[in-house]
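Each remark here refers to the structure printed beneath this line.
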Amino acid sequence: MNKVTWQSPSNIALVKYWGKHGVQLPSNPNLSFTLSECHTTTELHWKEGNGQIELLFDGESKERFTARAREYVTSIGSIFPYLKDYDLHIDSTNNFPHSAGIASSASSMSSLALCLCSMEEVITGKAMPEDEFYRKASYVARMGSGSASRSLYGGYVSWGKSEKIPGSSDDYGSRLPFEPHENFRDMRDTILIVDQGIKAVSSSAGHKLMARHPYAKQRFEMARKNFEALLRALKKGDDPEFIRIVESEALGLHALMMSSTPGYVLLKANTLNIIHRIRAFRELSCTTLCYTLDAGPNVHLIYHNSDSAEVEEFINEELLLYCSDKYRINDHIGTGPVKR
């Protein structure tokens, strides 16, 4: 039996993707930075067979994840037509909570996509050029989870067609065409775990509700403006503008959820308590930290590495009180996936 292993990181969206069209295509360009410490490691084993799929997640067989893997592999059958002639055993392990709004689907689907692309190289005996390999892996990852398309690269990554990013596409993620200002090259992300449980409404369900959302058109237009404004801020090193956009996008995401039909709330009371504390601390200390939220209750605290000592004290003294079991994850901007 052949085997390949990839470790792929999660990412945190700064300009959000919420709403899609076609087959997993974003309704607006979006932008994230890749994390370093939150990742999924996937081992893919294969042998000649008839398309059987077995999946272990964190060492256990879980039908929900196995069913999703089967559905995903079926959906990419036209990309990898030979998969029907092999049996697959997938062993996937997360080092952070899944389905809790920390983009676990981004790391899991990107690591699996990388394994499938590596499997293709072994079976065909042809190695792809590096750029082509990662672009294809991003395309394939997108079919399983839109945000996974951005986890194939390190640093800041966009996804979605934009005239501001040459070569960008709705089909795959893209590196930025410029080096961000030095202010934004060493960003840290401390993830404050308010709730470790599985969220009540999945991101897939939330995206579907955007199809008939009364504010969808306005949202997509605002996201495009925020995307372009954030690119300018990253170029210039504009901290106030970075903070304004990132926090507006976080609150806007959850406003869309609450104003869907039916509406729903993923925020918890302690999510709001943490946000209030962050804003008060920033005003008093003049530290350039901010928060963002993914599709869940947990808070990402974004700040410069140079402010780490002061922010660490703030977290320990004021924020851990609101975290589940005082649980937080210390992370930072990362360099992308690694083949093991």
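Only four residue types carry charge here, +1 at the Cβ of Lys and Arg and -1 at the Cβ of Asp and Glu. Report the dipole size of segment 172-262 about the Cα centre in Debye, rounded to the nearest 20.
500
Report, to the nearest 10°, how far helix 130-144 tilts away from the longest principal axis of the Cα atoms in the chain, using its own Cα long axis and a range of 0 to 90°.
80
Summing +1 for each Lys or Arg and -1 for each Asp or Glu, what net charge is found among the other residues whose Cβ lies under 14 Å from the Cβ of SER32? Don't skip to the answer; put the middle values down first.
Values: positive: LYS16, ARG142, ARG150, ARG175; negative: ASP189, GLU249, ASP294, ASP331.
Combined, the nearby Lys, Arg, Asp and Glu give 0.
Calculated from DSSP H runs of 4 or more alone, at -39500 (n - 2.57) each and per residue, what is the 222 nm mean residue ellipticity of the chain, nearest 500?
-11500 deg cm²/dmol
If you stretched the chain out fully between ASP85 and GLU241, how much longer would it get, using 0.36 nm times the residue separation minus the C-alpha to C-alpha distance?
Stretched out fully, the ASP85 to GLU241 stretch lengthens by 50.9 nm.
In sequence order, what are the phi-derived ³J(HN,Hα) couplings for segment 113-123 according to the Karplus relation 6.51 cos²θ - 1.76 cosθ + 1.60 with θ = phi - 60°, rounded to whole Hz, with x for glycine and proline?
For segment 113-123, the Karplus curve yields 4, 4, 4, 5, 5, 5, 4, 4, 4, 5, 5 Hz.
How much of TYR134 can a 1.4 Å solvent probe reach, expressed as accessible area in Å² and rounded to 10?
Its accessible surface works out to 40 Å², give or take rounding.
Could you name the lysines in cross-link range of LYS236, using Cα to Cα under 27 Å and dropping any fewer than eight places away on the same chain?
Straight-distance partners of LYS236: LYS16, LYS161, LYS164, LYS225.
Give me the dipole magnitude in Debye, nearest 20, for the chain about the Cα centre, with unit charges on the beta carbon: positive for Lys and Arg, negative for Asp and Glu. Could the numbers behind the result be given before it?
On the way: 38 positive and 41 negative charges, 233 e Å.
With Lys and Arg at +1 and Asp and Glu at -1, about 1120 debye.
With a 1.4 Å probe and all protein chains kept in place, how much accessible area does VAL23 have, in Å² rounded to the nearest 10?
The accessible area of VAL23 comes to roughly 90 Å².
Starting at the first residue of segment 304-319, write each ³J(HN,Hα) from the Karplus equation 6.51 cos²θ - 1.76 cosθ + 1.60 with θ = phi - 60°, in whole Hz, x for Gly and Pro.
6, 4, 5, 9, 4, 4, 5, 5, 4, 5, 4, 4, 5, 7, 10, 9
Nearest 0.05, what FRET efficiency do LYS161 and LEU251 give at R0 = 25 Å with Cβ-Cβ as r?
With a Förster radius of 25 Å, E is 0.45.
Rounded, prolate or oblate: which fits segment 60-164 when a ≥ b ≥ c are the square roots of the eigenvalues of the alpha-carbon gyration tensor, with rounded for a/c under 1.5 and prolate only if a/b beats b/c?
Values: a/c = 1.75, a/b = 1.03, b/c = 1.70.
Here segment 60-164 falls in the oblate category.
If R₀ is 22 angstrom, what is the calculated FRET efficiency for the pair LEU25 and GLU132, using the beta carbon separation as r and rounding to 0.05?
Computed FRET efficiency for LEU25 and GLU132 comes out at 0.60.
The values are calculated or read from the model by the stated rules, or taken from the named source; none is laboratory data. What you see is a predicted model; the values in this text were computed from it and never measured. Cβ coordinates were reconstructed from backbone atoms using ideal geometry, including for glycine residues, and neighbour counts include every protein chain displayed. Quick note on the areas: whole protein, heavy atoms, side chains included, nothing else; ligands and nucleic acids left out. Shrake-Rupley method; radii C 1.70, N 1.55, O 1.52, S 1.80 Å.
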